[in-house]
Structure formats: C-alpha cells, structure tokens
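As structure tokens, the structure follows; a few thoughts come after it.
Here, each number is a calculation from the coordinates, and none is a lab measurement. In this text the structure is predicted, and so the values were computed from the model without any measurement. Heads up, the Cβs are rebuilt from the backbone with ideal geometry, glycines too, and the neighbour counts pull from every protein chain shown.
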Amino acid sequence: DAGVIQSPRHEVTEMGQEVTLRCKPISGHNSLFWYRQTMMRGLELLIYFNNNVPIDDSGMPEDRFSAKMPNASFSTLKIQPSEPRDSAVYFCASRQGEGTEAFFGQGTRLTVV
Amino acid sequence: GESVGLHLPTLSVQEGDNSIINCAYSNSASDYFIWYKQESGKGPQFIIDIRSNMDKRQGQRVTVLLNKTVKHLSLQIAATQPGDSAVYFCAENIGGGSYIPTFGRGTSLIVHP
C-alpha cells in the first residue's frame, strides 16, 4: 500500500486566496484525521471523520476552514480566505478502527504570504 | 483542559547509548497510548503502542513503559543510532470515546556519532 497520500506537498499562496488540501487515506481505513503542526502549538487536531461522517470538528479554527469527505477514499481541507497565520504543515492520517494506530501522510507545507 | 506534556524538549545522546524519552499525561480516561517518530520533512511514523492493561511492551530496540499511578509514559531506545535522531511524540487516546489521538509537544532526540 502506498500509505496516506497528500497533495500538494508544498503550497505557497497569497493572503485572501482559497487553498484546498487533499488526502487519500489508506484503503480499508474508516477513520480520517486532519492535523495542523506549528512550532508554537505542536500537532493540533482539526477534524475527525469516521465512516466519512465528521465526528469532531471542534479543532477547526474558524469558519474560514472547512473539510469534506465525499467518499471513503478522498478528503479535502479548504481554507477560504487564507491568512498568513494559517501557515503550517497540515497532516492527514487514517486508521482502520478505534483503538488502533493512525498512519500519517507526508504533510502539506502551506505558506501564506 | 487536560493535555499531554513532555518533560524534556531536547535530549542529546552519544551513539550506542540508551535513550529514555518521557511523557506525562493527565487524562485518567486515556487507555491507549502511541509513540510516534517524526523525521524532518516527514509525517509522524508509528513506533510502538501500549494499552492501559499493560505496564510494559517491547519492540525491536524500543520499550514503552506505562505507569498509570503517576500518569507517566516512557520510551526507551536501546543502542541509539544516528538514524534515531528525530522528534518523538506520545499520543494518548481516550477510551470510551472516539479514541482521537491527542499529541504532546514532542521531544527532539539528537544522536551524536
């Protein structure tokens, strides 16, 4: 298996632009997480999906952030409009079931200028 | 709120030494713990996990110890190698819920040849 696949690996965008990050979880996994990593705040959970349904989105910073999981093999995280403080590495992770380890993608490094 | 924390942000060791990375957790409902290794530019990678019905678990060159009395977790790496240099995170998962991995800030392990 290729693991969790994220795209793009790097994204540089101007403030105010829309940014869409993409994730393909490992086949057969039914849980998906989006995390954000910064030096100041570490790894923060943004949203958790189980069987394509958002279960916990309490970590989503504000209305500018939205996430979707239209099917078991694809998820997106969208930021509109983007701001410089959104600059971070965004990770997607998936797992097969509760109480098992989550597998992470390589991340998307987002820079908003 | 309750959170996972780490005692040492940076640990420097000589190649061949044993390393011990510590983690304190405060949520008594946590019953599943995972150690991850994150190398520069990559996503966190699963190392080893332990459930609360155990106090020790061994893998290849790694051992995780769990002390539920004082809510403490440690990762021991035997015969540390330069390739072990990375940031190590512990993640707690709260039982009875969605088992969402909650990460500590991480410890940077530096192995000197």
| message | If you restrict to DSSP beta bridges whose two residues both lie in the range B:5-113, what percentage is antiparallel, to the nearest 5? | response | 90
| Quick one: putting +1 on the C-beta of Lys and Arg, -1 on the C-beta of Asp and Glu, what dipole do you get for chain A around its Cα centre, in Debye to the nearest 20? | 240
| note | Projected convex hull area of the range A:1-87, Cα atoms, direction-averaged, in nm², equals 5.8
| List the lysines whose alpha-carbon lies under 22 Å from that of B:Lys42, not counting same-chain residues fewer than 8 positions away? | A:Lys24, A:Lys78
| query | Among B:Lys42, A:Lys24, which comes first, second and so on when ranked by fewest other beta-carbon atoms within 10 Å? | reply | B:Lys42, A:Lys24
| said: Would you calculate the convex hull of the Cα atoms in the range B:4-65 and tell me its volume per residue in Å³? | reply: 113
| Computed over the range A:1-74: relative contact order in percent, which uses C-alpha pairs under 8 Å that are six or more apart | 25
| Net charge over other residues, Cβ less than 14 angstrom from the Cβ of B:Lys56 (K, R count +1; D, E count -1) | +1
| message | Please report the spacing between the Cα centers of the range A:1-40 and the range A:48-113 in Å, no decimals. | response | 6
| task | Would you mind ranking A:Thr76, B:Thr10 so that the residue whose beta carbon has the fewest other beta carbons within 10 Å leads the list? | result | B:Thr10, A:Thr76
| query | What's the Cα-based Rg to Rh of the range B:57-101, Rh via Kirkwood? | reply | 1.04
| field | Computed log₁₀ I(q)/I(0) - Debye formula, equal Cα scatterers, no solvent, chain B, q 0.20, 0.22 Å⁻¹ | value | -1.03, -1.22
| field | About the Cα centre, charge dipole magnitude for chain B (Lys/Arg +1, Asp/Glu -1 at Cβ), debye | value | 140
| Residue exposure sequence - B:His112, B:His72, A:His29 - by fewest surrounding Cβ within 10 Å | B:His112, B:His72, A:His29
| message | Can you give me the Rg/Rh ratio for the range A:25-66, using Cα atoms for both radii and the Kirkwood formula for Rh? | response | 1.02
| note | Averaging 1/r across every pair of distinct alpha carbons in the protein assembly as shown and inverting yields a Kirkwood hydrodynamic radius, in angstrom, of 18.1
